[in-house]
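Below is one structure; the comments refer to it alone.
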Amino acid sequence: MDETRKKQLLSIIDHAKIAIENNEELSLDYAKILFPSERKEYELNYFGKETYEQIVSKTYAAPLQEDRFFGKKNDEWVNKLIFGDNLQILKTLMEMKNNGLLKNSDGKDGVKLVYIDPPFASKQDFENDEKAYSDKIKGSEFLEWLRKRLVLIREILTDDGTVYVHLDWHKAHYIKVLLDEIFGEGNFRNEIIWHYGTYVGNTKKNFPRKHDSIFVYGKNREKRVFYPQHDGNPEADANYKRWSSYLNEDNEITGGNYPKDDSKFDGYVNRFIKENGRRPKKNDVLLRIEGKLVDSVWEIKSVNPMAAERIGYPTQKPEELLERIIVSSSDEGDIVLDCFGGSGTTAAVAEKLNRKWITCDIGKLAIYTIQKRIIGIENYSSFAVYNAGLYDNKKLDSFGATQWKEFALSLWNVEAMKKTVRGITFDGVKNGAYVKVYTPQELNDLGGYITEETIEELYDRIGTSVGSEIYIIAPRGKFAFASDELNGDGFWNVTFNILRIPNSMTEKLTDGFSAQIQASDNDSVNDAIDAVGFDFIRPPKVKFEIEKNVLHIISFDSEARIKGKYEYKGFETFSMLLVDYNYNGDIFNVCDVFYKTDFVDNSISFSCDDMGKQIMLIFVDKYGNEFRTTYLEEANV
Ligand SMILES: C[S@@+](CC[C@H](N)C(=O)[O-])C[C@H]1O[C@@H](n2cnc3c(N)ncnc32)[C@H](O)[C@@H]1O
């Protein structure tokens with residue numbers, strides 16, 4: 001450090017001291033001087049911006065727990081529909097990539113194509129409800145929320161992969177700057193303008209806003225899968241008229257019949273010779289007229305209320321838009337990811353185009369909507385619905401020993417690391433402390449239980465050689481004592497923290513956890529949600545009655561453990577009711593959704609022309625827990 005820099009730093013620290021003594025917040029300009037950006041000429045600064053490395057290392061991976069499976073069990077690859085916060089899921093996918101579990105058609109590891117259409121932090125920012133308002137992710141918080149996901153997306157992409165980020169005027173320009181920082185300005189490929197052409201109305205104050213922006217980035221400047229697209233309208237091509245007499249029925253001009261005297265055509269012949277090292281033969285194609293090359297302005301109609309593909313999910317995007325993206329940036333058999341699944345447009349189109357797909361959403365409505373949409377596709381490939389972050393403890397026993405250990409480690413965000421100290425093998429490190437995981441199988445071999453004596457023996461063997469804190473993870477019911485901490489009544493120099501799976505979540509560890517808040521009205525279906533940590537499914541307690549077509553909720557209460565910032569109570573903890581009017585006894589196919597705000601005096605009326613004998617009802621609480629029940633129509637007649 002030279003003298004000038006030293007002086008500059010000391011002077012700025014003096015100024016900062018005075019500002020703090022005067023109770024003034026420090027300006028961001030201090031940060032710019034204290035921590036000059038070495039990498040770039042400019043970047044977007046805001047409070048709470050973490051480094052790229054922090055995001056990758058600090059994010060929890062939420063292991064995937066299969067909940068239900070559709071299709072043939074023996075398929076090599078199973079498409080994935082995941083319920084949970086996409087940040088934790090992206091970290092899990094990153095680990096899967098590193099373990100060689102995400103393979104594309106060319107054998108490359110990772111995801112070949114990502115399309116995301118995140119919530120835009122728009123109209124709901126201005127809602128009146130004070131509680132809802134303060135719950136919203138907005139301003140720079142929204143930017144950081146999305147940036148974290150973009151960082152992990154970059155990690156997951158194959159080295160020739162592409163990401164499409166769909167935004168509108170609300171935040172697009174800020175996010176473009178963040179994308180440049182994350183992917184590198186040189187990897188920016190395009191800004192696609194999607195002109196959706198809905199009804200223009202009679203706006204007097206502004207030009208009607210009728211487009212979204214889709215930013216396209218490659219992971220790598222040189223390599224990137226890209227197939228140019230044509231508008232499928234050859235007659236509109238100038239060459240079509242000029243050389244119509246030479247075209248065959250596939251609109252091709254071949255070596256057997258081409259305009260030899262037209263110098264404009266010489267370029268095509270010369271290119272053929274250059275590429276093939278010989279003159280064209282009779283059947284060689286010199287030019288195929290496929291219509292105008294698609295440019296960066298896309299005229300594609302949005303999904304109108306009468307469209308056959310319309311699902312009724314707010315913000316559903318047209319299949320044509322996704323088709324164009326998928327065919328231009330991936331091959332059959334490649335993995336396509338959309339981590340803001342919504343109604344499942346990306347997954348449905350990827351399925352139809354023979355791609356592998358992974359999609360997720362934090363909303364229960366989205367998960368059931370996507371499930372129904374995929375099942376509706378003829379001969380769909382196998383897929384499974386997974387939970388990530390909210391687990392079913394009844395299914396934990398189905399894990400094998402290795403899988404269980406991995407699950408336990410990632411649940412508690414433990415960095416896996418095998419280490420044997422004085423004959424004791426540890427499995428990982430958490431907050432600098434060693435962690436030992438006992439699988440159910442291991443415990444059976446040991447005679448069943450961990451007793452206070454087991455821990456005392458451990459202490460006698462290792463003493464303080466691995467530090468003053470140790471974590472012990474084992475299944476619930478396998479500890480012969482109730483305490484969450486053992487330290488020999490204060491006589492030992494080591495504290496053993498006991499983590500039981502599933503039901504022990506000490507405050508020490510769950511402090512930073514936040515709940516997966518579900519929508520309770522149509523507008524909030526699209527909220528940006530941030531949920532960290534994990535919980536175990538606890539169905540809400542529901543009492544209801546149905547008379548004629550009216551369903552009345554007598555009482556509703558969530559049993560969820562992790563409740564996020566706000567504690568809701570009673571009916572407040574209710575989010576939505578999903579209904580299958582024609583339940584076939586096997587697969588729940590969502591037909592209707594009623595949000596909390598649709599209920600009047602805790603009642604709603606069903607209006608369905610096609611009511612079957614058996615109805616299935618799923619009551620969802622604000623934290624994503626379900627109470628499922630069926631109802632026989634005759635019982636009511
Ligand atoms: C604009 S919609 C996507 C619509 C989709 N492109 C379609 O065609 O239907 C955004 C989705 O992101 C979901 N979402 C918001 N926060 C999320 C999070 N943290 N993790 C996963 N999904 C999230 C919302 O539930 C919503 O369904």
For segment 341-433, which GluC sites (Glu not before Pro) are in a loop by DSSP, counting at most 15 other Cβ atoms within 10 Å?
-> Glu378
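Does segment 398-493 come out rounded, prolate or oblate by the C-alpha gyration tensor, with a ≥ b ≥ c the root eigenvalues, rounded set by a/c under 1.5 and, if not, prolate when a/b is larger than b/c and oblate if not?
Oblate shape, in that a/c is at least 1.5 and b/c is the bigger or equal ratio.
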Using the count of nearby Cβ atoms within 10 Å as a rough guide to exposure, how do Thr359, Thr495, Thr203 rank from fewest to most?
-> Thr203, Thr495, Thr359
Estimated FRET transfer efficiency (Glu25, His173; beta-carbon r; R0 30 Å; 0.05) | 0.75
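Gain in length, Glu559 to Asn393, computed as 0.36 nm per residue apart minus the alpha-carbon separation, to one decimal in nm? Provide the component values of the computation, followed by the final result.
Values: separation 166, 0.36 × 166 = 59.76 nm, distance 1.46 nm.
Contour length minus Cα-Cα distance gives 58.3 nm.
Within segment 55-97, report the chymotrypsin sites (Phe, Trp or Tyr not before Pro) that DSSP leaves as loop and that have at most 16 other Cβ atoms within 10 Å.
Numbers: sites: Tyr60, Phe69, Phe70, Trp77, Phe83; in loops: Tyr60, Trp77.
Within segment 55-97, the qualifying chymotrypsin sites (Phe, Trp or Tyr not before Pro) (loop, at most 16 other Cβ atoms within 10 Å) are Trp77.
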Anchor Lys419: aspartates and glutamates whose Cα lies under 15 Å away (excluding residues fewer than 8 positions away in-chain) | Asp427
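Quick one: which of 529-536, 468-475 comes out on top by average Cβ neighbours within 10 Å, and what's the full order, highest first?
Working: 529-536: 22.0, 468-475: 19.9.
With the highest mean Cβ count within 10 Å placed first, the list reads 529-536, 468-475.
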Cα-based helix-to-principal-axis angle, 263-276 vs the chain, degrees rounded to 10 = 50
From the residues Met1, Leu293, Tyr631, which one has its Cα farthest along the dipole of the chain in the positive direction, the dipole being from +1 and -1 charges on Cβ of Lys/Arg and Asp/Glu about the Cα centre?
-> Leu293
Estimated dipole of the chain in Debye, rounded to 20 [Cβ of Lys and Arg +1, of Asp and Glu -1, Cα centre] | 1560
Just need the relative contact order of segment 510-637 here, percent rounded to a whole number, with Cα pairs under 8 Å and 6+ apart.
-> 28
Listed highest first by mean packing, meaning other Cβ atoms within 10 Å per residue, what order do 318-329, 419-430 come in?
-> 318-329, 419-430
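So what is the relative contact order of the chain, in percent, for Cα pairs below 8 Å that sit 6 or more residues apart?
In percent, rounded to a whole number, it is 13.
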Counting only DSSP beta bridges with both residues in the chain, what percent are antiparallel, rounded to the nearest 5?
-> 60
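Give the shape of segment 214-288 as rounded, prolate or oblate, defined through the alpha-carbon gyration tensor: a ≥ b ≥ c are the square roots of its eigenvalues, a/c under 1.5 means rounded, and otherwise the shape is prolate if a/b is larger than b/c and oblate if not. Numbers along the way, then the final one.
On the way: a/c = 2.62, a/b = 1.52, b/c = 1.72.
Verdict is oblate for segment 214-288.
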So how tilted is helix 3-21 from the main axis of the chain? Cα-based, degrees 0 to 90, rounded to 10.
-> 60
Give the relative contact order (percent, whole number) for segment 234-288; include only Cα pairs under 8 Å separated by 6+ residues.
-> 39
Degrees separating the helix 364-375 axis from the principal Cα axis of the chain, which is the longest one = 50
Among Pro540, Leu157, Ile587, whose Cα lies farthest out toward the positive end of the dipole of the chain, if unit charges sit on the beta carbon of Lys, Arg (+1) and Asp, Glu (-1)?
-> Leu157
For the chain, the charge dipole (Cβ of Lys, Arg +1; Cβ of Asp, Glu -1; about the Cα centre) points to a positive end, and the Cα of Cys339, Thr425, Tyr391 closest to that extreme belongs to Cys339
In whole angstrom, the spacing between the Cα centers of segment 361-408 and segment 514-537 equals 17
Glu453-Asn493 pseudo-label distance in nm [points 7 Å out on the Cα-to-Cβ vector] = 2.7
With only Lys, Arg, Asp and Glu charged, each at its Cβ (+1 for the first two, -1 for the last two), find how big the charge dipole of segment 538-636 is about the Cα centre; round to the nearest 20 debye.
-> 600
Just how large is the dipole of segment 341-431 about the Cα centre, in debye to the nearest 20, putting +1 at every Lys and Arg Cβ and -1 at every Asp and Glu Cβ?
-> 140
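Each reported figure results from applying straightforward, stated rules to the coordinates on display, with no laboratory input. Predicted model only: the values in this text are computed from it and were never measured. For neighbour counting, all protein chains shown are included, and Cβ atoms are generated from backbone atoms with ideal geometry for every residue, glycine included.
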